[in-house]
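Visitor: Handing you this structure, nothing more for now.
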Amino acid sequence: MPEFFLPTEADTAAFGRRLARWARKGDVFALFGTLGMGKSVLARAFVQELTGTAEVPSPTFTLVQSYEAPDFEIYHFDLYRLKSPEEIFEIGVEEALYEGVSLIEWPEKMGAYLPRGAFRITLSNHEGGRRLTIENASAAERLKSL
């Protein structure tokens, strides 16, 4: 399981840009972490890297924002406000999971609907910065290139 230390918010953004350049159509990035761990920072940098979009608002109230990138559509979900996992179907999650690249904040709100092949990215406090781990058993070889 790859692990990275991100001392600053700028390092978290840099990792988001790196992840964007590595992403492929169909990838699902499940961003785990408590409030303030940098999930939105990472997602914003990811979107900006591939689209050049200056303003990337958090989809806290809309639940999902989509962005056109050169090779795929990017879907940025913030599921914090979901009351049940079934609500994901009301916001078009099925199309996003298969047709584009998905960045999902608060993926635990999806329950069993989170795809097994998702890249599980966990951000946590570590020595004044953040520790980021990525887990995906089916893509262990691919993760080595990150």
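The values are calculated or read from the model by the stated rules, or taken from the named source; none is laboratory data. None of these values were measured; they are calculated from a predicted model. Because the Cβ atoms are built from the backbone with ideal geometry, glycine has one as well, and the counts that use them run over all protein chains shown.
Visitor: Output the residues belonging to the range 60-78 that are in contact with a strand residue (DSSP E or B) (Cβ under 8 Å, 6 or more places away or on another chain) and of a type in the set (F, W, Y).
Guide: Once the filter is applied, which keeps residues that are in contact with a strand residue (DSSP E or B) (Cβ under 8 Å, 6 or more places away or on another chain) and of a type in the set (F, W, Y), the range 60-78 yields Y67, F72, Y75, F77.
Visitor: Let me ask you something else. Select from the range 35-57 the residues that are closer than 16 Å to R131 by Cβ and touching a residue at least 60 places away in the same chain (Cβ under 8 Å) and write down the one among them that is surrounded by the fewest Cβ atoms within 10 Å (Cβ to Cβ).
Guide: Taking the range 35-57 first, the residues closer than 16 Å to R131 by Cβ are 36-39, 41-42.
Still in the list and also touching a residue at least 60 places away in the same chain (Cβ under 8 Å): 37-39, 42.
Values: M37: 20, G38: 24, K39: 27, L42: 29.
The residue in question is M37.
Visitor: Could you pull out every one of the helices (runs of 4 or more DSSP H) wholly within the range 1-120 that has 2 or more residues that are of a type in the set (D, E) and more than 23 Å from L143 (Cβ to Cβ)? Show your work before the answer.
Guide: Working: elements: 9-22, 39-51, 93-99.
The qualifying helices (runs of 4 or more DSSP H) are 93-99.
Visitor: Got a number for residues in the range 29-40 being at pLDDT below 95 and not small (G, A, S)?
Guide: The qualifying residues number 4.
Visitor: With the requirement that a residue be loosely packed, with under 15 Cβ neighbours inside 10 Å and within 25 Å of G36 (Cα to Cα), what does the range 86-111 give you?
Guide: Across the range 86-111, the qualifying residues are E108, G111.
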